[in-house]
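The values are calculated or read from the model by the stated rules, or taken from the named source; none is laboratory data. Everything numeric here is computed off the predicted structure, so don't read it as measured data. Ideal geometry is used to build each Cβ from the backbone, glycine not excepted, and the neighbour counts take in all protein chains shown.
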Amino acid sequence: MSEFLDFLKHKFAYVAIGEFKPGKFKEAQQLYEKAVSTYTHGFKGAYLLQEPGTDRGIAIILWESLEDMEANQNEAYKAILNQMSHLFATTPNTSFYEVCSEIEGSKEE
């Protein structure tokens, strides 16, 4: 029964949509990867998307729960975000979403 209840439990996604100053995407990507590497309990994965030919992007970070996300916002994480803040052209738009559907692709061998 617990497997069924786990199946019904939805993940949460933190989504940030923003634009970096010209030529700063790569530096921001390195800091993003460094910040994500500090995550532990409840972290389910992360994606950083870049619109081709621009410095605009979308960051998606998946969590088991909102509480897990909050618990991972430690001092190391905050210090890395502080290093990243001057790279933004404007303040990014951020939101939280519940993952309602997750479909995995086929695993070709």
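Summary table
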item: Segment 86-96 - residue that is exposed (fewer than 13 other Cβ atoms within 10 Å of the Cβ) and not small (Gly, Ala, Ser) and, of those, farthest from Lys21 (Cα to Cα); result: Phe96
item: Candidate set from segment 30-47 (those that are over 10 Å from the mean Cα position of the chain (by Cα) and surrounded by fewer than 16 Cβ atoms within 10 Å (Cβ to Cβ)); member that is modelled with the highest pLDDT; result: Gln30
item: Qualifying residue in segment 17-29 (condition: part of a strand (DSSP E or B), under 13 Å from the mean Cα position of the chain (by Cα) and touching a residue at least 40 places away in the same chain (Cβ under 8 Å)); result: yes
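Let's see how each residue does on (1) closer than 17 Å to Phe12 by Cβ; (2) touching a strand residue (DSSP E or B) at 6+ places or on another chain (Cβ under 7 Å); (3) surrounded by 12 or more Cβ atoms within 10 Å (Cβ to Cβ):
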{"residue": "Gly53", "(1), (2), (3)": "no, no, no"}
{"residue": "Met69", "(1), (2), (3)": "yes, yes, yes"}
{"residue": "Gln73", "(1), (2), (3)": "yes, no, yes"}
{"residue": "Met84", "(1), (2), (3)": "no, no, yes"}
{"residue": "Glu98", "(1), (2), (3)": "yes, yes, no"}
{"residue": "Ser101", "(1), (2), (3)": "yes, no, no"}
{"residue": "Glu109", "(1), (2), (3)": "no, no, no"}
